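Please treat every number below as a calculation from the coordinates, not as lab data. Quick caveat: nothing in here was measured; it's all calculated off a predicted structure. Every residue, glycine as well, gets a Cβ built from its backbone with ideal geometry; the counts of neighbours run over all protein chains shown.
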Amino acid sequence: MKEDRGHFASKLGVVLASAGSAVGLGNIWRFPTETGKNGGAAFILIYLIFVLFLALPVMVSEFVVGRHSRANTVEAYRKLAPGTPWFVVGIIGVLSGFLVLSFYSVVAGWTLDYTFLSITGALSGSHDFGEVFNCFVTHPYRPLLFLLMFLFITHVIVARGVESGIEKFSKMMMPLLLFIIILLVVLSVTMPGAGEGLTFLLQPDFGKVTPKVVFSAMGQAFFSLSVGIGCLVTYSSYFNKQTRLVSSAMNVCLIDTMVAILAGFIIFPTVFSVGVHPDAGPGLVFVTLPNVFNMAFKDAMWLGDIFSILFYLLLLLAAITSSISMHEISTAYIREHFHVSRRRATWIVTACCIVLGVCCSLSFGPWRDVLIFGMGFFDLFDFLTAKFFMPLGGIGICLFVGWKMKKQDVYDELSNWGLHSVPLYGVLMFFIRFVAPACITLVFLNELLGIGGS
Ligand code: PHE
């Protein structure tokens, strides 16, 4: 008997699941890191412009392709443009799904470990947290255990299916996530000396804007909104006919941006409050923050512990709602293409990601010297997806909707078959056809040629 493809049951489920995909390590770990490295408020302003003018049109395009085809991201192109090579855009997405999930799970595994460490109190008191982090990531099997645990959690949710797995989990977790974030913001901005962090976040210094800052902001918008690799094509294939695509995309962008900015409000006031430099890089979350929590709450250790448990829990939940969406790209494809059950498809994807994830994890420790094109597995997968496949896929999706699909089909999707008008339809199509592909090409060339450095 043919299994039902599944669908999201409610409007809220649609927005929360898509926002769950977008909100992840990209917002809470990468955004503050990039903001710190790129000078603060001016970077954020440019990022916001790119979210609105670049990522939003790509997201709408993905939604159009997904719902119109009601198929996984490869089949979608096959259905809508039979006999043409457009399906390659989908293949890029499926491949990227595997690769992103593999290296993402490594960082998510660290997060899981830090959640445990903070619950057991191992992060309280003063330690050399750089050393703690280094020992952990280079340990021969400890990070592997957490990687496996994380992938297993993702697996269980995806195996339960679209409505009772993905939608239910996202609906429960996203409000909890928002609640934890707000609590942390309140704690953070009321710390002594937090003002400097707020200035850093809110007062743009345009003197700091270099081409590299502009390109980094564009790349961040891309990664953070999960656009370009068919993730949202897959999710939108589960949308119902009533879902309004443009307003859903706007809501997702709004939630994602809000979370990123709030993450900035959690991290920078505390970082400045204890005199740590904001451009500490990727270690900001795993090395600097445990320090920050301890120093900031010297006289009330328990408060520091609570702060740190909540923070890593938040990071973990956000990572799970994103990882299930990466998993689903490939699961949906394998299930529908090879006509296997969801359970089996889920196992195939998880098994492949375990193998690839183990390679990524070991590239920090025993396999440090195993290099392909001069990069370890982790860096290679990160490079191939974020800097190569995602921009390439984004260009493909925009060109497909802007130039290949029938105009009437696109309009029907956007207007819910004429049920309502589409405000700024002409402008939106202009962005999908011209502006977004051109901008993405710039990011792509920048990343590929390393013009602005990375
Ligand atoms: N947007 C997610 C984040 O911010 C990452 C992601 C990329 C999710 C690609 C799905 C697909 O963490």
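Considering only Cα-Cα distances, which of the following residue pairs are longer than 32 Å: Lys208/Lys387; Lys387/Lys407; Lys208/Lys298; Lys168/Lys407; Lys208/Lys407?
Among Lys208/Lys387; Lys387/Lys407; Lys208/Lys298; Lys168/Lys407; Lys208/Lys407, the Cα-Cα distance tops 32 Å for Lys208/Lys298; Lys168/Lys407; Lys208/Lys407.
If you line up the long axis of helix 168-189 against the longest principal axis of the chain, both from Cα atoms, how many degrees apart are they, to the nearest 10?
40 degrees
Quick check: the distance between the Cα centres of segment 141-169 and segment 1-66, to the nearest angstrom?
The distance from the Cα centre of segment 141-169 to that of segment 1-66 comes to 20 Å.
Taking only Cα atoms, what is the 0 to 90° angle, nearest 10, from helix 342-362's long axis to the longest principal axis of the chain?
Approximately 40 degrees, to the nearest 10.
Based on the Cβ-Cβ distance from His127 to Ile91, what FRET efficiency comes out when R0 is 45 Å, to the nearest 0.05?
That pair, His127 with Ile91, gives E of 0.45.
Can you tell me the FRET efficiency between Ser164 and His337 if r is taken as the Cβ-Cβ distance and R0 is 35 Å, rounded to the nearest 0.05?
Rounded to the nearest 0.05, the efficiency is 0.90.
Could you calculate the FRET efficiency of Arg368 with Leu424 from 1/(1 + (r/R0)^6), where r is the beta carbon distance between them and R0 is 51 Å, rounded to 0.05?
FRET efficiency, Arg368 to Leu424: 0.50.
What number does the chain give for Rg over Rh if you use C-alpha atoms and the Kirkwood radius?
Across the chain, the Cα-based Rg/Rh ratio is 0.96.
Determine the dipole magnitude for segment 11-449: charges of +1 sit on the beta-carbon of Lys and Arg, -1 on that of Asp and Glu, nothing else is charged, the reference point is the Cα centre, and the result goes in debye to the nearest 20.
My answer is approximately 1340 debye.
Could you list the trypsin sites (Lys or Arg not before Pro) in segment 405-436 that lie in coil according to DSSP, counting only those with at most 15 other Cβ atoms within 10 Å of their Cβ?
Answer in residue order: Lys406.
Considering only the other residues whose Cβ falls under 15 Å of the Cβ of Val209, what net charge follows from Lys and Arg at +1 and Asp and Glu at -1?
+1
Pairing the Cα long axis of helix 11-22 with the longest principal axis of the chain, what angle in degrees results, from 0 to 90 and rounded to the nearest 10?
So the inclination is approximately 60 degrees.
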